[in-house]
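Report on the following structure.
The values are calculated or read from the model by the stated rules, or taken from the named source; none is laboratory data. This one's a predicted model, so the numbers in the text were calculated from it and none came from an experiment. With ideal geometry, Cβ positions are generated from the backbone for all residues, glycine too; neighbour counts draw on all protein chains shown.
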Amino acid sequence: MKKHVILLGISLLFSTWVASAQSPFGIESQAKQKKVSLSLGVTAGANMSGLLGVSTSDPSLGMKPGFSGGAVFQLRFIPRNNRSGAETGWMAIQPEVRFSMQGGKTGSTSLNLSYLSIPVMIQFYPTKGLYLEAGPVANINLSHSPNNLQLAEKQYELTGLQAHDVMIGVGLGYVFDFGLGIGVRYNHGVMALNKVLPMRNYCIQAGVSYLFRLGKTARHAASIDF
């Protein structure tokens, strides 16, 4: 009799283990969850940018509007738990390639700078939708105008200006379950543009992005990044 009870107990334990392994919440299901979520997309929007003098004796330029747009790649990882996929993960790396119109103005004087901008944002999601971000931004100067700039009774000769720049970007935002997101990002230059122009860029960016996930279970996701 005892032998039959023991065998019955072992059979029940084995059956429970098999059912758990095949359950949507079991070991097999957990193993199939993606550990990394990849997304591609495009972005377009507006800038409000200006230039600050490196020292108090250097001139500054107030803010002016501009355009920003390009491509976005996002890699999101560290799933929130064993039952969720990487698309709701704790962390993300988001490189971007943008065309960015920046510069500044004061009175009737305006400086226009066009950049190939390459931000690499590290994003942290304290909740599934809320994110904080920070990262470097490399700006390669494509063009500028005018060639002569009059500021504070001083003439700046800008012919052939190579105003390459490195900035630090910080931001926050929220992405809803259906993909729409809102946020804010601020970029600040960490060095003077060059010896001819002793100024540093700063910029607030607002735009709309459209992302879609790569893979067999790809889902579209629209977001707005400010």
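Out of all the residues in the range 99-122, is one or more outside any strand (DSSP E or B), basic (K, R) and either in the same structural domain as S209 (by TED's automatic domain parsing) or buried (at least 21 other Cβ atoms within 10 Å of the Cβ) (or both)? No: zero hits. The set of residues in the range 47-68 that are surrounded by 16 or more Cβ atoms within 10 Å (Cβ to Cβ), out of contact with any Pro (no Cβ under 8 Å at 6 or more places or on another chain) and either assigned to a loop (DSSP other than H, G, I, E, B) or on the phi > 0 side of the Ramachandran plot (or both) comprises P59, S60. Identify all residues within the range 159-180 that are in a loop (DSSP other than H, G, I, E, B) and touching a Gly at 6+ places or on another chain (Cβ under 9 Å); write none if there are none. Residues satisfying the conditions are F176, D177. Between V166, V137, V190, the distinction of being among the β-branched types (V, I, T), in contact with a strand residue (DSSP E or B) (Cβ under 8 Å, 6 or more places away or on another chain), surrounded by 15 or more Cβ atoms within 10 Å (Cβ to Cβ) and within 28 Å of P59 (Cβ to Cβ) belongs to V137 only. In the set (1) surrounded by 14 or more Cβ atoms within 10 Å (Cβ to Cβ); (2) farther than 25 Å from G50 by Cα; (3) of a type in the set (V, I, T), the condition left unmet by T127 is number (1).
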